[in-house]
Amino acid sequence: CDGNKVYWITPGYWEYTQVVKVYDDEAPILTVTTDDLDFCAYGPSGAQDCYGEVMILFNVEDLCTGTNVEVRSVLLAINGVNPTNFEGELYNVEGENGSYMITSIARKGLPVGSHTFYVRVADDCGNITNRLIKFTMTDCKAPAPICIRELSVDLMPVIENKIVVGGMNEVWATDFIASDIFDCTPHPDADGNGDVKYYVFRDVPGSLDTVDLDEKRSITFTCDDQPVIPVFLVAVDGAGNWDYCTVLVKVIPGTDPSPCESTNVPSVLIQGAITTESDQGVENVSVNLSGQTFRTIETGSSGEYAFEGLEAGYDYSITPGKDDDPMNGVSTFDLVLISKHILSIQNFDSPYKLLAADVNNSGSVTALDIIQVRKLILSINTEFSNSSSWVFVRKDYVFPDPSNPWAEQTPSIINLNNLNDDYLMGDFIAIKRGDVNGSAIANSRMGNPRNVSGEFFVTTQDIAMKAGNEYTLSFTAEQLAQIQGYQFTLNYDNAVLELVDINYGVAKEENFGLTYVNEGVITTSWNELSGSQRLPQTSQRLPQPLFSLVVRAKSDAQLSELMSIGSRYTAAEAYNSSHEQLDVKLSFGEDAVANAGFELYQNVPNPFVEQTQISFSLPEASEVTITINDVSGRTLKVIRGEFAKGFNAVNVNELPSGVMYYTLKSGDFTATKKMIKL
């Protein structure tokens with residue numbers, strides 16, 4: 001190797017082969033070249049045909065092999081986008097040399113919605129590119145309304161100061177519909193049984209974007225529109241697509257003499273008031289007027305109504321109606337009074353109270369009425385089966401026999417024949433079924449004061465319950481001999497307690513409602529049905545059980561933490577022999593009266609308009625301060641005074657509107673609640 005020859009060494013050379021491998025690990029590049037991936041569905045009419053076609057172009061380029069790539073698959077997901085669990089229909093694709101096109105080759109196109117194509121391409125080296133192509137199929141099909149061809153409209157006289165000044169009639173857009181239609185995208189507030197909402201125009205609108213459509217729900221025709229005028233019924237679907245059809249309207253004056261010609265037709269007024277027997281206005285009574293014209297008006301808080309501008313010389317009828325909130329004013333105290341009437345212990349002194357007690361509309365007051373009222377109180381029934389919740393009698397009606405108001409048909413309608421003068425005596429007495437003590441809230445201005453005069457305690461023993469064990473819980477009341485009736489909602493935690501059975505005592509099966517037992521709720525209503533008193537309570541005699549509950553514990557728990565008395569379905573109240581109302585409290589064996597403690601109640605009514613009542617209980621006579629603040633903390637009113645042991649209440653007025661907080665402080669006790677003035 002140093003150039004010097006040695007005889008035994010022959011100079012030579014070495015060889016080495018280098019292998020070079022070139023790899024392509026770059027995946028092809030897929031580019032969507034369609035600018036707008038929002039396509040229109042222009043199927044025939046009907047939601048089942050709302051399909052459209054798509055055409056999506058894309059290019060594929062590979063750095064190594066150029067355009068020599070293979071489109072492995074195209075999958076379609078209807079309303080789907082999840083590539084890890086992609087299920088769909090396999091699509092074919094057309095194209096070559098790197099340019100391709102996806103078309104919807106399904107039998108009827110693609111439905112409205114957001115869909116996804118899942119495209120997989122590969123180059124010659126096995127590199128794969130997956131691409132999601134999301135696109136939208138939009139409903140572009142305008143609904144085609146089907147309207148009647150012609151419509152005749154009679155004009156009614158417009159009267160001002162007893163003078164006819166013209167004619168007018170309002171017609172709703174839906175009155176022009178000949179047939180319901182269906183659409184790919186139903187309107188959320190569609191009219192009738194179809195899928196679109198209708199509006200009516202005098203001229204064909206160029207656009208609906210700047211139109212107040214609420215004003216186009218009806219059209220008013222006047223004398224200027226006679227004899228014939230075209231109107232355009234517009235149908236709008238849920239996607240905002242719209243189309244119209246044309247209706248020819250024949251406008252007819254409608255009366256003789258014509259309101260479009262006469263200027264001296266007298267008008268009359270009918271007015272009156274709907275009140276209770278105690279002269280409280282009844283709100284939200286639908287007063288229907290029929291005869292020459294048909295109108296309906298609802299009474300306000302005063303109970304008054306008026307129909308103005310009525311054409312003189314015609315017959316009219318006035319019919320009031322109200323059927324809501326059957327429980328309004330109904331309580332076990334009504335059952336106490338009904339029972340006393342049936343037993344002739346204390347008869348009703350008014351025919352209206354007799355009609356209120358006759359809830360089954362049988363023409364008499366019997367134990368069957370008591371059964372229906374109690375089922376309503378216990379939430380077994382939600383309404384009276386044979387009567388609306390309110391009934392009405394003409395105020396000027398004189399009962400031939402007040403002790404038997406069913407002796408003849410009581411007039412509930414006022415009929416006026418050939419009315420030529422204003423009628424201002426359209427008054428009715430409103431009677432709330434089931435409410436014989438007049439406690440129903442007739443209007444929003446009435447308060448709902450809870451004039452509580454004490455407390456009635458239902459007692460059971462507190463138990464440390466063990467899972468799987470069965471217990472019989474006896475409920476007693478030492479004050480039972482001093483009350484005429486009670487009602488309340490017994491709540492228990494049904495996740496921990498399972499009701500197995502009820503053992504009846506003073507309260508029988510008919511005194512319980514189990515409609516909501518699956519929610520952990522038992523309703524109960526009891527009153528003394530006989531003239532005799534229960535056995536006297538003595539120190540040697542234990543209180544009679546009201547009832548017993550057989551329960552099974554699902555887990556370890558203390559009974560006092562699982563059970564309470566409230567007013568969720570049946571208001572918690574009792575009634576003493578002086579007809580005073582008492583609160584109902586649940587005691588677990590302790591001296592309930594001594595441990596009643598402080599309590600601040602929710603003001604009633606709440607919200608209120610003018611005046612509200614704040615009530616509270618004290619364990620002993622003491623000084624109390626009530627402070628009312630607004631939401632910013634500013635003091636609005638302070639009430640201080642010495643109050644007696646037990647239940648107390650104060651009336652509050654002259655407060656500003658809005659949300660306020662009232663705080664009661666007595667010694668170390670402080671409590672706050674919220675109230676609202678409208």
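The values are calculated or read from the model by the stated rules, or taken from the named source; none is laboratory data. This is a predicted model, so every value here is computed, not measured. Note that each Cβ is placed from the backbone with ideal geometry, even for glycine, and that neighbours are counted across all protein chains shown. Quick note on the areas: whole protein, heavy atoms, side chains included, nothing else; ligands and nucleic acids left out. Shrake-Rupley method; radii C 1.70, N 1.55, O 1.52, S 1.80 Å.
Taking 0.36 nm per residue of separation and subtracting the Cα-Cα distance, full extension of the segment from Leu63 to Met446 would add 129.4 nm.
Solvent-accessible area per residue for the chain at a 1.4 Å probe radius, Å²? Mind dumping the intermediate values first?
Working: 35560 Å² over 678 residues.
Here the residues of the chain average 52 Å² of exposed surface.
In segment 138-238, the convex hull through the Cα atoms has an average projected area of 7.9 nm², a quarter of its surface area. Simple rule: put +1 on each Lys or Arg Cβ and -1 on each Asp or Glu Cβ in segment 393-463, find the dipole, and look at Ile463, Asn417, Ile431; the Cα lying farthest toward the positive end is Ile463. For segment 311-410, the spherically averaged projection of the C-alpha convex hull amounts to 8.0 nm².
Between Glu580 and Val158, how high is the FRET efficiency from 1/(1 + (r/R0)^6) when r is the Cβ-Cβ distance and R₀ = 45 Å? Nearest 0.05. List each step's numbers first, then the result.
Values: r = 58 Å, r/R0 = 1.28.
Efficiency at R0 = 45 Å is approximately 0.20.
Using the Cβ of Val32 as centre and a radius below 14 Å, the other residues enclosed give a net charge of -2, where K and R count +1 and D and E count -1.
What is the projected area of the convex hull of the Cα atoms of segment 350-465, averaged over all directions, in nm²?
It is 12.5 nm².
Asp124: net charge of surrounding residues, Cβ under 9 Å, Lys/Arg +1, Asp/Glu -1, itself excluded? Net of charged neighbours comes to -4. Segment Ser179..Tyr16, full-extension length gain: 49.4 nm, with 0.36 nm per residue of separation and the alpha-carbon distance subtracted.
Against the chain, whose longest principal axis comes from its Cα atoms, helix 332-342 is set at around 40 degrees.
Taken over segment 192-249, the alpha-carbon convex hull comes to 97 cubic angstrom per residue. Using alpha carbons only, how many degrees (0 to 90, rounded to 10) separate the axis of helix 367-377 from the longest principal axis of the chain? Roughly 40 degrees between the two axes. Segment Asn404..Thr31, full-extension length gain: 125.1 nm, with 0.36 nm per residue of separation and the alpha-carbon distance subtracted.
Summing -39500 (n - 2.57) over the DSSP H runs of n ≥ 4 in the chain and dividing by its residue number, what mean residue ellipticity at 222 nm do you reach, to the nearest 500 deg cm²/dmol?
Values: 3 runs with 29 residues, N = 678.
My calculation for the chain gives -1000 deg cm²/dmol from helical runs alone.
Within the shell of other residues whose beta carbon sits under 15 angstrom from the beta carbon of Gly667, the net charge comes to -2, with Lys and Arg scored +1 and Asp and Glu -1.
Once Rh for segment 363-405 is found with the Kirkwood sum over Cα pairs, what is the Stokes-Einstein diffusion coefficient at 20 °C and 1.002 mPa s, in µm²/s? Could you put the intermediate results ahead of the total?
On the way: Rh = 12.5 Å.
Answer, rounded: 171 µm²/s.
Evaluated at 25 °C with a viscosity of 0.890 mPa s, what Stokes-Einstein diffusion coefficient in µm²/s does segment 476-531 have when Rh comes from the Kirkwood expression over alpha-carbon pairs? Working shown, then result.
Working: Rh = 12.6 Å.
D = 195 µm²/s.
In segment 300-340, the inverse of the mean reciprocal separation of distinct Cα atoms equals 14.7 Å; this is its Kirkwood hydrodynamic radius. What the Cβ-Cβ distance of Thr670 and Val604 gives, at R0 = 30 Å and to the nearest 0.05, is a FRET efficiency of 0.90. For the chain, the calculated P(r), taken from all Cα-Cα distances in 20 Å bins from zero up to the bin holding the longest distance, is 13, 26, 27, 23, 8, 2, 2, 1, 0 percent. Counting only protein heavy atoms and using a 1.4 Å probe, what share of the accessible area of the chain belongs to carbon plus sulfur, as a whole percent? Reported share for carbon and sulfur atoms: 47 percent.
Note on segment 264-318: Kirkwood radius taken over Cα pairs, Stokes-Einstein applied at 25 °C and 0.890 mPa s, translational D equal to 205 µm² s⁻¹.
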